[in-house]
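J.: Structure in structure tokens, see below.
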């Protein structure tokens, strides 16, 4: 399903939004940029909450806005989740969840209360009042409510920005699961590289009201100058299945030829791929497979690219045995001492405790 | 204590009908107007806001005078009505009803505008995204969340209409059963040196006004506490 947007908006004298793009909607699209770059305005334009004159928005073969034609939000089949809690305070949790469900024609209902509340872990909350919920619970109910209209598209406006780190960590798996299991394409506004790396499949980079580029997560992470790399430096994302924990609580991740061991409780194992994030500066390179070392993860890899040094540090992009890209940040001194070059095979060492679940 | 006679009951009847109709009509008119004032982006808002609030500062005689000019047999409205075969609006119940609607307008519009502003745009946007059309949104989200505003608007309008005097006297005169409301009747009693009758009715109005305001303030306070 293609989303096509064409808009030009100027307000306040110094802010301008100029968009003329289209991209396929599948999985999660991250709308990424700094505060004030126009992300939320773009989202509101797609939703039909911002009626910009002369703009054109179409979703597949549905013209949502074109010239004088304008389909109002309540006819677009869009689920919306906002940053701060937006549950209707005069209704119970269950009535909030069913508000949109009841207004969805029966033949269009694909998702129903039992499975959605199970997916989001809110079965026990149904009878509660809104003011009896925590921030994380409210956000999960908001997500469920949006899903229950069986939307054609789900728009999330920084859904985790108002939550504390702990709660964010709780919600994240639910969001990932929702994206994978509901089959509904999602557009998520975020200014957090971490959220984008964990959830997005494709990223729209927005800067000063202009779309800089649209690319997949993997394309973006393979770029040395990716805007996703913040103060913490380059990051890689690995996808794989997470197995059951052994007696020591450490869980296997990925196929046998590229197996990692992750100390992590919480998230359910299953066949559905899980993402883990690896910071390039947590990765070491070794020409031999060392024994007698506390580092648990030794992956055989091949060097695909060595980026030019910056501040006497180099990012070395390596390909794992199962074809995924992992970045290692080492000094340029290490590069020359080990004689690193493209095509060379070696071992990548990653401390288990550094793996960000 | 002076017993209420037929003249008093007639005045009470006129007064209550006037208050009731004014309140109903004003709520219907003020709701969209207040919504527009609270949510609109047009520059005309300040002008409209000022016009709506005029009765708060103008002497009732000014408003009454202009209404008399406009609605009387030679005024634009009055003459047009007469040409169409109707009665002009001066010295009639319909006339003082029109006057009351204008005169009490700010008491309906302001609480509603404030309620709609406080509501914010979020609940309405949420309801739209969940498939609710405009009327549905009003019925199931806007009204339940701004109910206190409606209660305040209705009570204040009702009570303020009951307290009207100058405008009615200017435009309606003092026709029993038609335009003679309680406040005018009290004035007539005083003019006729009938202090006992004036006192009964005055006390009645005083108690009514106090009770109404007391209820309104308790309600708004309670609603504020309930608001999440």
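J.: How would you classify chain B from its alpha-carbon gyration tensor, with a ≥ b ≥ c the square roots of the eigenvalues: rounded for a/c under 1.5, else prolate if a/b is greater than b/c, otherwise oblate?
T.: Oblate, because a/c is 1.5 or more while a/b does not exceed b/c.
J.: Taking the protein assembly as shown on its own, what percent of its Cα-Cα pair distances exceed 47 Å?
T.: On the way: 64493 of 170820 pairs.
Everything past 47 Å amounts to 38 percent.
J.: Please give the Cα centre distance for segment A:169-208 versus segment A:70-126, rounded to the nearest Å.
T.: Between the Cα centres of segment A:169-208 and segment A:70-126 lies a distance of 19 Å.
J.: Calculate how steeply helix A:165-182 sits against the longest principal axis of the alpha-carbon atoms of chain A, using the helix alpha-carbon long axis, and give the answer as 0 to 90 degrees to the nearest 10.
T.: It is inclined by approximately 70 degrees.
J.: Taking the simple approach of a point 7 Å from Cα along Cα-to-Cβ for both residue A:164 and residue B:82, what is their distance in nm?
T.: It works out to 7.7 nm between the two label points.
J.: Ok, one more. For chain B, what is the relative contact order in percent, using Cα pairs closer than 8 Å and at least 6 residues apart in sequence? Before the final figure, lay out the partial values.
T.: Numbers: 257 pairs, mean separation 68.3, N = 228.
Normalised by residue count, the contact order of chain B is 30 percent.
J.: Kindly state, to the nearest 0.05, the FRET efficiency for residue A:102 paired with residue A:34, given R0 = 51 Å and r defined as their beta-carbon distance.
T.: On the way: r = 39 Å, r/R0 = 0.77.
Efficiency, from the Cβ-Cβ distance: 0.85.
J.: Continuing with the same structure: Please report the relative contact order for chain A, taking Cα pairs under 8 Å with a sequence separation of at least 6, and give it as a percent rounded to a whole number. Please list the in-between numbers first.
T.: Working: 720 pairs, mean separation 55.6, N = 357.
The normalised contact order for chain A reaches 16 percent.
J.: Compute the relative contact order of segment A:147-270 as a whole-number percentage, counting only Cα pairs closer than 8 Å that sit 6 or more residues apart in sequence. Each step should come with its number before you reach the end.
T.: Working: 124 pairs, mean separation 18.5, N = 124.
Normalised by residue count, the contact order of segment A:147-270 is 15 percent.
J.: Turning to a different aspect of this structure: Tell me what the protein assembly as shown gives for mean residue ellipticity at 222 nm when only DSSP H runs of n ≥ 4 count, each as -39,500 (n - 2.57), the sum divided by the residue total, rounded to 500 deg cm²/dmol. Kindly include the intermediate steps, with their values, before the conclusion.
T.: On the way: 19 runs with 249 residues, N = 585.
So the helix-based figure for the protein assembly as shown works out to -13500 deg cm²/dmol.
J.: Oh, and also: Across peptide A:85-92, how many C-beta atoms of other chains are within 10 Å of each residue C-beta, on average? Write down the numbers at each step before the final one.
T.: Numbers: counts 2, 6, 3, 10, 6, 10, 3, 0.
Going residue by residue through A:85-92 and averaging, the value is 5.
J.: Related question: In nm, to one decimal, how far is the residue A:4 label point from the residue A:344 one, both placed 7 Å along Cα→Cβ?
T.: Each label point lies 7 Å from its Cα, and together they span 5.1 nm.
J.: Calculated FRET efficiency, residue B:121 and residue B:219, Cβ-Cβ r, R0 30 Å, to nearest 0.05? Numbers along the way, then the final one.
T.: On the way: r = 25 Å, r/R0 = 0.85.
Calculated transfer efficiency: 0.75.
J.: If I model a spin label at residue A:51 and residue A:312 as a point 7 Å from the Cα along the Cα→Cβ vector, what separation in nanometres do I get?
T.: 6.3
J.: Mind ordering A:75-88, B:100-113 by average Cβ neighbours within 10 Å, highest first?
T.: Numbers: A:75-88: 21.5, B:100-113: 24.3.
Final packing ranking: B:100-113, A:75-88.
J.: Hey, another quick one. Need one value for A:103-113: mean number of C-beta atoms belonging to other chains within 10 Å of its residues' C-beta atoms.
T.: Values: counts 7, 2, 1, 0, 0, 1, 0, 0, 0, 0, 0.
Averaged over the peptide's residues, the number is 1.
J.: Can you give me the angle between helix A:93-102 and the longest principal axis of chain A, using Cα atoms only, in degrees from 0 to 90, rounded to the nearest 10?
T.: 70
J.: Just round it to a whole percent: the fraction of Cα-Cα distances in segment A:2-221 exceeding 27 Å.
T.: Details: 7476 of 24090 pairs.
In whole percent, the share of Cα-Cα pairs in segment A:2-221 beyond 27 Å is 31.
J.: Whole Å is fine, so just give me how far the alpha carbon centre of segment B:80-130 lies from that of segment A:249-264.
T.: 69
J.: Follow-up question, since we're still on this one. Which residues does the label zone of residue B:210 cover in segment B:1-42, counting backbone N under 19 Å from a point 7 Å along Cα→Cβ?
T.: The answer is B:1-2.
J.: On to the next question. Extension gain residue A:109-residue A:336, at 0.36 nm per residue separation less the Cα-Cα distance, in nm?
T.: Values: separation 227, 0.36 × 227 = 81.72 nm, distance 6.09 nm.
Roughly 75.6 nm would be gained on extension.
J.: Right, something else. Taking segment A:235-354 on its own, what percent of its Cα-Cα pair distances exceed 27 Å? Write out the running numbers ahead of the final one.
T.: Working: 1220 of 7140 pairs.
Across segment A:235-354, Cα pairs with separations above 27 Å total 17 percent.
J.: Something else: Over the whole of B:120-128, what's the average partner chain Cβ count within 10 Å per residue? Rounded to a whole number, please. All intermediate terms of the calculation are to be shown ahead of the outcome.
T.: Numbers: counts 1, 1, 6, 5, 2, 8, 13, 6, 10.
Across B:120-128, the average partner-chain Cβ count within 10 Å equals 6.
Bear in mind these aren't lab numbers, they're just calculated from the coordinates by the rules spelled out. All values derive from a computational prediction rather than experimental measurement. Positions of Cβ are backbone-derived with ideal geometry, glycine not excepted, and every protein chain shown enters the neighbour counts.
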